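This report concerns only the one structure given below.
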Amino acid sequence: MAPERELVKIVVILVAVVGLVSPALAQGVAQGLPGGFAFLRDIDPTIIQDIRYATSNNFMGRPLAGYGAAECVVKREVGLRLKAVQQELARQKLSLKMFDCYRPARAVADMVAWSKNGRETAAERRYNPAFSKADLFRLGYIATHSGHSTGAALDLTLVDLTAENSRKFDPAKDYADCTAPVTARAPEGSVDMGTGYDCSDVKGHTAASSITPAQRSWRTRLVAAMARQGFVNYSKEWWHFSLPGAGAAAYDFPITRAR
């Protein structure tokens with residue numbers, strides 16, 4: 001075959017293959033995301049995002065390594081199921097609120113180094129009031145290999161869209177610890193689940209007996225809504241959910257702003 005015809009044949013094949021790529025996947029590639037990952041806002045922009053590890057409002061008091069932007073990145077299947085959850089909640093005037101989604105492996109390493117630095121500030125103690133941060137891994141509150149790094153694990157809560165949610169976090173304010181009443185602890189603009197997000201305490205266990213009936217009702221409602229789309233809750237963290245089979249390998253690409 002003549003070289004010119006061979007070149008034409010190759011071009012035709014490439015065009016055909018590109019035509020088979022889904023718009024979402026093509027968009028992910030264009031924005032520098034590995035195949036299968038997507039920005040949640042591109043799937044459902046109505047889901048509220050408060051990506052805490054991209055800010056100073058977290059248990060480390062600073063942005064974590066790899067969080068270049070406050071964006072929720074997920075495996076596309078995870079995002080589509082979150083969209084289905086959100087559609088169900090919208091009919092009840094509720095919304096999901098994402099605290100963390102995909103977590104770069106370098107951020108997990110950052111957590112490990114933080115837990116071993118031998119220092120504990122008052123702000124850090126708000127998140128683990130009952131024991132030392134050096135015990136967080138041993139007690140199962142932080143993992144050295146996180147499911148978040150696969151894109152299949154999530155931290156989230158519920159927002160009542162009919163409620164007054166204007167209280168904002170003030171880094172200069174001395175808040176009570178994460179187990180305190182909702183009016184005393186740091187504001188999160190969400191329903192009262194009995195503790196704040198990332199509260200490493202038995203009160204943060206999903207089935208904790210020390211919470212009120214109203215708080216238990218909110219937790220039950222969240223777990224049930226997520227379960228209807230196949231998500232499984234982690235018993236020691238009412239906010240943590242994963243989708244079995246959606247992710248395997250851990251990734252370490254940085255989180256950047258959606259374009």
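The values are calculated or read from the model by the stated rules, or taken from the named source; none is laboratory data. Computed from a prediction, not measured in an experiment: that's the story for all the values here. Neighbour counts run over all protein chains shown; Cβ positions are idealised from the backbone, glycine included.
Only one residue in Ser217, Ser190, Ser200, Ser210 is without any contact (Cβ under 8 Å) to a residue 24 or more places away in the chain and either part of a loop (DSSP other than H, G, I, E, B) or in contact with a His (Cβ under 9 Å, 6 or more places away or on another chain) (or both), so which one is that?
Ser210
Which residues, counting only those in region 212-232, are surrounded by 19 or more Cβ atoms within 10 Å (Cβ to Cβ) and in contact with a Ser or Thr (Cβ under 8 Å, 6 or more places away or on another chain)?
Those that are surrounded by 19 or more Cβ atoms within 10 Å (Cβ to Cβ) and in contact with a Ser or Thr (Cβ under 8 Å, 6 or more places away or on another chain): Arg219, Leu222, Phe231.
Exactly one condition in (1) touching a Leu at 6+ places or on another chain (Cβ under 8 Å); (2) assigned to a loop (DSSP other than H, G, I, E, B) is false for Ala250; which is it?
Looking at each condition in turn, Ala250 falls short on (1).
Quick test for you: out of Gly204, Gly196, Gly189, pick the one residue that is at pLDDT 95 or above, surrounded by fewer than 20 Cβ atoms within 10 Å (Cβ to Cβ), under 17 Å from the mean Cα position of the chain (by Cα) and of a type in the set (Gly, Ala, Ser).
Gly189
In region 124-147, what residues are under 15 Å from Gly204 (Cα atoms) and polar (S, T, N, Q)?
Correct list: Asn128 only.
What number of residues within region 132-178 satisfy the criterion of being within 21 Å of the chain's Cα centre (by Cα) and either in a loop (DSSP other than H, G, I, E, B) or among the aliphatic types (A, V, I, L, M) (or both)?
Total satisfying the criteria: 22.
If the requirement is being under 17 Å from the mean Cα position of the chain (by Cα), surrounded by fewer than 15 Cβ atoms within 10 Å (Cβ to Cβ) and within 24 Å of Arg167 (Cβ to Cβ), which of these qualifies: Thr121, Thr55, Thr46?
Thr46
Going through region 84-104 one residue at a time, which ones are surrounded by fewer than 18 Cβ atoms within 10 Å (Cβ to Cβ), in contact (Cβ under 8 Å) with a residue 40 or more places away in the chain and in a helix (DSSP H, G or I)?
Ala84, Glu88, Ala90
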